[in-house]
Amino acid sequence: MPLKQTIDTCFDVEVGETGLSREAFQAVLGRARPGLAWLREVHETGALPLLSLPARDDDLAGIAEAADWLSADATDVIVLGTGGSSLGGQTLAQVGGWRLPVVGDLRAGPRLHFLDNLDPVSLAAAFDALPLETTRALVVSKSGGTGETLIQAMALLTAYEDAGLGDDVKDHILGLSEPAVSGHLNKLRKLLEPYGLRFLDHDPGVGGRFTALTNVGLIPGALMGIDPRAVRAGAARALEPVLAGADADGVPAAIGAALAVGYAEHHGIVQNVMFGYGDRLERFTRWWVQLWAESLGKQGRGMTPVPAVGPVDQHSQLQLFLDGPADKLFTVIATDAGDKGPRIDPALAAEAGQPEFGGRTVGDFVASQQRATVETLARNGRPVRLLQVSSVDAESIGELMMHFMLETIIAAHLLGVDAFDQPAVEEGKILARTYLEEM
Ligand SMILES: O=P(O)(O)OC[C@H]1O[C@](O)(CO)[C@@H](O)[C@@H]1O
């Protein structure tokens, strides 16, 4: 089933005075037309390579080869890289089983580890615990200049040296960075290439947080058995109405962008909650946080992304969502959970005083929770849109990711900010370097 978006519970008639009026929404949606025209134009000219990815297959053999190389005879594969150089891969890998309770740990094949947060204690412990001889590493940085990734790569080189594997580094590490350009220093390449190891090219035209559909996201996904073709087929589905020239009200991503921007402009609601139901959407919510925050948070504009996972966060954040300040717009991602999972013995259910559980599956319970969350949010005056997929698999995650990349780009157009830069974080990076020099 293709992604289905329902926005009925987003308007004042449903949620009361906190809700956006249909008229105000339509006015913002109309303003999305130039953004859609721009997307079509840059697709045609090739100026935004992201939009050509769903139809590409010339790079798939290289992606499969890299995943095979990393996993052959390996007990462990580590991925170094941060932000957009990690989160897309994490999202796809999770759909394949990585970092899922129990199944993640029991899965056959090499263990996959993303070291995206620089933590000195964890890094030392990881290098101590990993059997380095059978551990391969993918080191990812678009710019080649991110301090966290560079320092991790240096520490890894030393760990291999200390383990007596200094001459075999090229058999253990694969690099992924922008192609070398004369006159421009790529520090990661400068550090690693002398070891004779192989570098894959990061597409220079695809910004870090938009790379899930490139080798950056698809190699880690492939390591967990996620088929890159299926991911791209799903992405193509989300892009299709844009390329087909549909008007804004026929493009789900434009509708989502207009809702978020409409709420920000008309109601000052600048917190957006992504409530994904199911373990396989946990990393997706984190990927979306970077996409939404770093793309839109500029010049005093932008909306704060809040990730939540269901049902577990019903027992954590839902009280606040329902009864705290009415200052959030919600997106619930639901799956066809019904009829899935273990079926409950009626005798046990009766014994426990929960006869309604009897004969139902665990998925039936989750399906009723998804529905109840949407309805109680709306009843409590909280605007909520529902996104439904039949299940979280390679195709639906590709569709969700492309949907949100488009939604982000269109929202940036509506807000009048550049979706593709991140000027403010650069200041802190320069300062951190100064403080390091002073130590
Ligand atoms: O891939 P790189 O160049 O190492 O950058 C990692 C991340 O750092 C940022 O530049 C922000 O600091 C992100 O935009 C990016 O995804």
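The values are calculated or read from the model by the stated rules, or taken from the named source; none is laboratory data. If you're wondering where the values come from, they're calculated on a predicted model, not measured in any experiment. Neighbour counts are summed over all protein chains in view; Cβ atoms, including those assigned to glycine, are modelled from backbone coordinates with ideal geometry.
Given the options 62, 35, 46, name the one that is away from the ligand (no atom under 16 Å from the Cβ), on the phi < 0 side of the Ramachandran plot, surrounded by fewer than 16 Cβ atoms within 10 Å (Cβ to Cβ) and at pLDDT 95 or above.
Just a single option satisfies the conditions, and that option is 62.
When the range 75-107 is examined, which residues are found to be at positive phi and within 16 Å of the ligand (Cβ to nearest atom)?
Residues satisfying the conditions are 81, 83.
Output the residues belonging to the range 61-85 that are in a helix (DSSP H, G or I) and small (Gly, Ala, Ser).
Within the range 61-85, 61, 62, 64, 66, 67, 71, 83, 84, 85 qualify.
Residues that are without any contact (Cβ under 8 Å) to a residue 24 or more places away in the chain, over 30 Å from residue 171 (Cα atoms) and touching a strand residue (DSSP E or B) at 6+ places or on another chain (Cβ under 6 Å): does the range 34-49 have at least one?
no
Among the residues of the range 133-147, what is the count of those that are more than 8 Å from the ligand (Cβ to nearest atom) and either modelled with pLDDT under 95 or over 16 Å from residue 211 (Cα atoms) (or both)?
Residues flagged as more than 8 Å from the ligand (Cβ to nearest atom) and either modelled with pLDDT under 95 or over 16 Å from residue 211 (Cα atoms) (or both) within the range 133-147 amount to 6.
Does the range 148-173 hold any residues that are more than 15 Å from the ligand (Cβ to nearest atom) and within 25 Å of the chain's Cα centre (by Cα), and which are they?
Across the range 148-173, the qualifying residue is only 173.
Given (1) under 20 Å from residue 294 (Cα atoms); (2) of a type in the set (A, V, I, L, M); (3) surrounded by fewer than 22 Cβ atoms within 10 Å (Cβ to Cβ), where does residue 372 come up short, assuming only one miss?
With (1) under 20 Å from residue 294 (Cα atoms); (2) of a type in the set (A, V, I, L, M); (3) surrounded by fewer than 22 Cβ atoms within 10 Å (Cβ to Cβ) applied to residue 372, the lone miss is (1).
Name every residue in the range 198-217 that is under 11 Å from residue 87 (Cα atoms) and away from the ligand (no atom under 11 Å from the Cβ), in order of residue number.
212, 217
Pairs please, first residue from the range 14-27 and among the basic types (Lys, Arg), second anywhere and not in a helix (DSSP H, G or I), Cβ atoms under 8 Å, 6+ apart in sequence or on different chains.
22/11
Please enumerate the residues belonging to the range 180-197 that are away from the ligand (no atom under 14 Å from the Cβ), surrounded by 14 or more Cβ atoms within 10 Å (Cβ to Cβ) and within 18 Å of residue 137 (Cβ to Cβ).
Correct list: 193, 195, 197.
Under 8 Å by Cβ, and 6 or more places apart or on different chains, what pairs join a residue from the range 401-430 that is near the ligand (Cβ under 10 Å from one of its atoms) and among the aromatic types (Phe, Trp, Tyr) with one that is at pLDDT 95 or above and not in a loop (DSSP other than H, G, I, E, B)?
420/210; 420/295
Exactly one condition in (1) of a type outside the set (Ser, Thr, Tyr); (2) over 20 Å from residue 86 (Cβ atoms); (3) within 16 Å of the ligand (Cβ to nearest atom) is false for residue 247; which is it?
(3)
Which residues, counting only those in the range 86-132, are at pLDDT 95 or above, assigned to a helix (DSSP H, G or I) and among the hydrophobic types (A, V, I, L, M, F, W, C)?
Correct list: 87, 92, 93, 95, 121, 123, 124, 125, 126, 127, 129, 132.
Name the strands (runs of 3 or more DSSP E) wholly inside the range 247-349 in which the number of residues that are under 30 Å from residue 97 (Cα atoms), free of Cβ contacts under 8 Å to residues at least 40 places away in the same chain and out of contact with any Ser or Thr (no Cβ under 8 Å at 6 or more places or on another chain) is 3 or more.
Of the strands (runs of 3 or more DSSP E) lying wholly inside the range 247-349, those with at least 3 residues that are under 30 Å from residue 97 (Cα atoms), free of Cβ contacts under 8 Å to residues at least 40 places away in the same chain and out of contact with any Ser or Thr (no Cβ under 8 Å at 6 or more places or on another chain) span 304-310.
When the range 309-338 is examined, which residues are found to be within 20 Å of the chain's Cα centre (by Cα) and either over 15 Å from residue 271 (Cα atoms) or surrounded by fewer than 21 Cβ atoms within 10 Å (Cβ to Cβ) (or both)?
If the condition is that a residue be within 20 Å of the chain's Cα centre (by Cα) and either over 15 Å from residue 271 (Cα atoms) or surrounded by fewer than 21 Cβ atoms within 10 Å (Cβ to Cβ) (or both), then 309, 310, 311, 312, 313, 333, 334, 335 are the ones that fit.
Residues in the range 402-439 that are more than 17 Å from the chain's Cα centre (by Cα) and outside any helix (DSSP H, G or I): how many?
Number satisfying all stated conditions: 6.
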